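To start, the structure under review is shown below, and the notes come after it.
No lab work stands behind these numbers, since they all come straight from the coordinates. This structure is a prediction, so every number in the text was calculated from the model and none was measured. Glycine also receives a Cβ, built like all others from the backbone with ideal geometry; neighbour counts cover every protein chain displayed.
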Amino acid sequence: MNFIKTNYKGLLLTLVIAVPAWFLGKQFPIVGGAVIAIIAGMIITLFIKDKTSFESGIKFTSKKVLQWAVILLGFGMNLNVVLETGMQSLPIILCTIATSLVIAFALHKLMHIPSKISTLVGVGSSICGGSAIAATAPVIDADDEEVAQAISVIFFFNVLAALVFPYFGQLVGFDTMSGEAFGIFAGTAVNDTSSVTAAASTWDNMWGLGSQTLDKAVTVKLTRTLAIIPITLVLAFMRTRKGSGEGGKVSFKKIFPFFILYFIGASVITTVAVSFGVDDSLFHPVKELSKFFIVLAMAAIGLNTDVVKLIKTGGKPIIMGACCWVGITGVSLLMQHIMGIW
């Protein structure tokens, strides 16, 4: 009862923002509900003079609900399907992820970009955009402004990729009789799932391929999403080591991302259930709920974000995002060429 009394105002405010953002995201998938929610939150917070009564609920939503969203995402992943159909793209995925993380680390050192922003942009660019940022933020204890900044950078290049890549694919000579080459390209070079599906669907429509490209791109994207697990665990371990090295006592148990274990558990439940003949459509409502929770959490993050500060400090992360994006695109094309796919 005390929980409701303390948090209901903030929860209600985030809900009021998230519901219309969710439906608008369905209408405009290139943008997506998460981005709409975070922008709406940043605008609405400018008109709230005193947020004291909302703060507890907003903080709960941006932290705990975000973790629940990641856990529920696991129910959308059948590990057997991902592993069976994703092996072809695995070398490309590993190379693009490594490229993005190396670029982010190098620019973090060269341009003195804060480490948490660098980590979020690097992970968001290399794995799966907003979902990867959502999973990584609690592990490295990133604040809401850092999350908002990383989401904004990823969003910009998501939209750019969704609009430009289908025509870029035609320019570089991808096979227009099959969706394989462009599907792998979209699945490895585009950050967020919404933009992957937008780019792949456009290619299918351009060449009358039904859903060939979309099916390939989504499968590759799901394989790529699995990288969330080892990367978040490594980051948790590194944070523990860093704290110990600085003379502080950092409990691995306290900072270990147990929600990632629940995420794995959810994936295993889906995989086992499907292997016993359960239709995977049974898990679609849970997957949709996870997406709504992400939108809800992004609304809370927007409400906690200082827009003026975000604009003033946004230049370097955008440069980092651009370099990661170009690097991933180049490596994806190179690897496809080496492997004889393109």
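Sorting the segments 70-77, 35-42, 317-324 by their mean number of nearby beta carbons within 10 angstrom, highest to lowest, gives 35-42, 70-77, 317-324.
Quick check: residue separation of F3 and L160 times 0.36 nm, minus the Cα distance between them. What number comes out in nm?
Working: separation 157, 0.36 × 157 = 56.52 nm, distance 4.20 nm.
That pair, F3 and L160, stretches by 52.3 nm at full extension.
Computed from label points 7 Å out along Cα-Cβ, the spacing between V172 and D279 is 3.9 nm. Measuring against 24 Å, Cα to Cα, the residue pairs K64/K116; K26/K49; K9/K287; K221/K287 contain K26/K49; K9/K287 as the ones spanning a longer distance.
Maximal additional length on extending the Y262-L334 stretch stands at 22.3 nm, based on 0.36 nm per residue less the C-alpha distance. Fully extending the segment from L289 to F105, taken as 0.36 nm per residue of separation minus the present Cα-Cα distance, adds 62.9 nm. Size descriptors for the stretch 145-207 (Cα atoms only): Rg and Dmax, in that order, 12.5, 45 Å. Relative contact order of the chain: 34 percent, from C-alpha pairs under 8 Å at least 6 residues apart in sequence.
Spacing of the modelled spin labels on L83 and E55, each 7 Å from Cα toward Cβ, amounts to 4.8 nm. In vacuum, with every alpha carbon of the chain counted as one equal point scatterer, what does the Debye formula give for log10 I(q)/I(0) at q = 0.06, 0.10 Å⁻¹? Two decimals, please. Summing over Cα pairs of the chain leads to -0.20, -0.58. Relative to the longest principal axis of the Cα atoms of the chain, helix 228-245 runs at roughly 50 degrees.
Give the relative contact order (percent, whole number) for the stretch 123-197; include only Cα pairs under 8 Å separated by 6+ residues.
Details: 56 pairs, mean separation 29.2, N = 75.
With pairs under 8 Å counted, the relative contact order is 39 percent.
To the nearest ten degrees, helix 315-339 and the longest principal axis of the Cα atoms of the chain are 30 degrees apart. To the nearest ten degrees, helix 115-126 and the longest principal axis of the Cα atoms of the chain are 30 degrees apart. If R0 is 22 Å, the Cβ-Cβ spacing of L90 and L233 corresponds to a FRET efficiency of close to 0.70. Mark the label point 7 Å from the Cα of I319 along Cα→Cβ and return the residues of the stretch 112-134 whose backbone N is within less than 18 Å of it. Within reach of a label on I319: 112-122.
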